[in-house]
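Computed from the coordinates by the stated procedures, all read-outs in this text should not be read as laboratory data. Quick caveat, the model's predicted, so the values are computed rather than measured. Glycine also receives a Cβ, built like all others from the backbone with ideal geometry; neighbour counts cover every protein chain displayed.
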Amino acid sequence: MELSVLRHSCSHIMAMAVKELWPDVHLAIGPSIEDGFYYDFDKKEPFSDDDLAKIEQKMLEIIRKDEPFVREELKRKDALELFGRLGETYKTALINEIPDESVSIYKTGSDFVDLCRGPHIESSGKIKAFKLLSLAGAYWHGIETNPMLQRIYGTCFESQKELDDYLSDLEQAKLRDHRKLGPALELYDLYQDEAGPGLVFYHPKGAMVRKLIEDYEKEEHLKRGYKMVITPHIMQAGLWQKSGHYDFYKENMYTFKIEEKEFVLKPMNCPGHILIYKSKIRSYRELPVRFFELGTVYRHEKAGVLHGLLRVRGFTQDDAHVFCLPAQLKSEIRAIIDFVFSTMKVFGFDSMDIELSTRPEKSIGSDDDWRQATGGLEESLKELGLKYDINEGDGAFYGPKIDIKLKDALKRSWQCATIQCDFALPKRFNLTYVDADGKEKQPIMLHRVLLGSVERFIACLTEHYAGAFPLWLAPVQAVIIPLKEAQIEYAAQVKQALDENFIRTEVDSRNETLDRKIREAEMSKAPYILVLGGREQKAGTVSVRKRKAGDQGSVPLQEFIANLKLQIAHREH
């Protein structure tokens, strides 16, 4: 039995339970989704958490009755009459959107009927393990001018053990939620009321984590032959019209006028990199040309889809564009994939999924260009022996793409790296290089990010490590705690020695108990705590507490420093 069928059937049983409890509720839609299902309802009074418990009890009654799912075909007019008689206005609206002459319905029990093309399980008794999870609001068809409905989320599994494991992971995910950990650990925050939604403010600790990530990226890009560039945040609208973004992406762009000319707050970095490439005549001997920029971009995302650092309106991409010869295409793609894998390993991610996304319905470029671009990506994956799934029609408007999704500690997928193969923009901007025969020819352009959005990647790291970053990434690597006032001067000497070795420290010299200081240092998730008493002061040692491992005893200060420097150099996790 497919899990999606089981979950979709469970959503119908939930709707049936809701209708039995509140007959005046109107039904909207109830599909299965990746981790479960949901159903949207139009109900005058809001659902409560207590209501979820009532619905679960009613669902258990229906499951115990082992009610069959019975499919019927109806002509459109008969279906409209049926759901009109039942007062289900959302169902009649859906029927009017279906072009077929007939539609299918499913009956469950004596009087529950729902519009659905199925399939479903044979009967309600096949459901063995389910749980209703949460409540949310949702606009009908996702359009803000439509009525606001109430959405109930749930999940369903084939066994109780699978459900229990999932719920345990869900609890872990709540504890790791970057939206809570970020402010609690003084990493970052979003001051939506004061500054507006979807804009990130990095506190000193968060800014340090970001600096460490960006420093690593700059160093690795330079090693691999990339050239650093910086492009403006605003550019004239004509540039975006030429690139096609104005036609295909305008609803997500911020536009404004300066001296009667229209400008765009950049949502992408590619047109700026194209202008730099065009700044001089290029020889085939120069290619590939690789430009890299940590470019901050702005996108007009709807307020309803904003989500912590995962979906924001202002963010920074580790963006690069490679301009190469046709003969270099596959080797450049393979080099980028290798770069992605090695980078993810450094940050502690070993498991990844790969998707190849093909031409969308709305796109630019010739069929031949798309065939060559898709072929170059797919052949590169095959030559590397990598498994991948095809994601039909989800490419960029200018070219197909490879998406690499990493798996975190809870095996959740995060979209980060993307490689897009583009024949269209080089043609639109008349990009050329002089070939060995002295003739001008068109380069191929690869758009790529490794981490994707730096903000999104920091959210991912925060949840992957539950805020306990590895030593090399930790914003504070050691908290120094003098036992008494007499050790404050020694604490300053220890801090100075650590600072001189570029080890990030804080001193807690507050007039608080030792237990409280240690507890708060542990809650800050610092990798090391150094307790300094009179004995340590006399001997020139530090009493070391290591995160998760506890008390490590006293060691000479210089030995501790040497050990830390070695761990940091190896970027141990």
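Computed values, structure above
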{"read-out": "Environment charge of Asp394, counting only residues whose C-beta is closer than 15 Å and scoring Lys/Arg +1, Asp/Glu -1", "value": "-3"}
{"read-out": "Residue order, fewest to most beta carbons within 10 Å, for Cys460, Cys324", "value": "Cys324, Cys460"}
{"read-out": "At 1.002 mPa s and 20 °C, Stokes diffusion of region 311-445 via Kirkwood alpha-carbon radius, µm² per second", "value": "134 µm²/s"}
{"read-out": "For region 239-385, convex hull volume per residue from C-alpha positions, Å³", "value": "172 Å³"}
{"read-out": "Relative contact order computed over region 426-497 (Cα-Cα under 8 Å; 6+ residues apart), in percent", "value": "14 percent"}
{"read-out": "Restraint check, Lys19/Lys126; Lys218/Lys405; Lys44/Lys77; Lys362/Lys439; Lys218/Lys525; Lys44/Lys65, Cα-Cα greater than 25 Å", "value": "Lys44/Lys77; Lys362/Lys439; Lys218/Lys525; Lys44/Lys65"}
{"read-out": "Share of Cα-Cα pairs in region 222-275 lying beyond 17 Å, as whole percent", "value": "38 percent"}
{"read-out": "Cα-based convex hull, the chain, per residue volume (Å³, whole number)", "value": "213 Å³"}
{"read-out": "Cα shape, region 79-158, gyration tensor, a/c 1.5 rule", "value": "oblate"}
{"read-out": "Region 378-492 - convex hull of alpha carbons, volume per residue in Å³", "value": "229 Å³"}
{"read-out": "Translational D in µm²/s for region 3-176 (Stokes-Einstein at 10 °C, 1.306 mPa s, Kirkwood Rh from C-alpha pairs)", "value": "95 µm²/s"}
{"read-out": "Sorted by Cβ neighbour density within 10 Å, fewest at the top, the residues His273, His300, His447", "value": "His300, His447, His273"}
{"read-out": "Whole-Å semi-axes of region 472-554's equivalent ellipsoid (Cα gyration tensor)", "value": "17, 15, 12"}
{"read-out": "Residue pairs, from the table Lys387/Lys411; Lys266/Lys387; Lys174/Lys407, whose Cα atoms sit over 27 Å apart", "value": "Lys266/Lys387"}
{"read-out": "Proxy reagent accessibility, fewest Cβ within 10 Å first, across Glu72, Glu463", "value": "Glu72, Glu463"}
{"read-out": "Other-chain or far-sequence residues with amide H under 5 Å of Gly295's (modelled H)", "value": "Gln317, Asp319"}
{"read-out": "Percent RCO, i.e. relative contact order, over the chain, from Cα pairs under 8 Å lying at least 6 residues apart", "value": "10 percent"}
{"read-out": "Lone cysteines, the chain (no partner Cβ under 4.7 Å)", "value": "Cys116, Cys270, Cys324, Cys416, Cys421, Cys460"}
{"read-out": "Extension gain, Arg71 back to Glu56 (0.36 nm per residue minus Cα-Cα distance, nm)", "value": "2.9 nm"}
{"read-out": "Label point distance in nm, Glu214-Glu81, each placed 7 Å from Cα along Cα→Cβ", "value": "6.8 nm"}
{"read-out": "Added length on full extension, which subtracts the Cα-Cα distance from 0.36 nm per residue, Leu3 to Leu386", "value": "135.2 nm"}
{"read-out": "Length released on extending from Thr255 to Ile33, taking residue separation times 0.36 nm less the Cα-Cα span", "value": "76.4 nm"}
{"read-out": "Spatial separation of Cα centroids for region 369-397 and region 191-242, in angstrom", "value": "28 Å"}
{"read-out": "Arg334 paired with His141, simple spin-label distance in nm, labels 7 Å along Cα-to-beta-carbon", "value": "4.9 nm"}
{"read-out": "Sequence-separation-based contact order of region 471-569, relative, with Cα cut under 8 Å and 6+ spacing, percent", "value": "30 percent"}
{"read-out": "At 1.567 mPa s and 4 °C, Stokes diffusion of region 426-573 via Kirkwood alpha-carbon radius, µm² per second", "value": "71 µm²/s"}
{"read-out": "Directionally averaged projected area (convex hull, Cα atoms, region 342-415), nm²", "value": "5.4 nm²"}
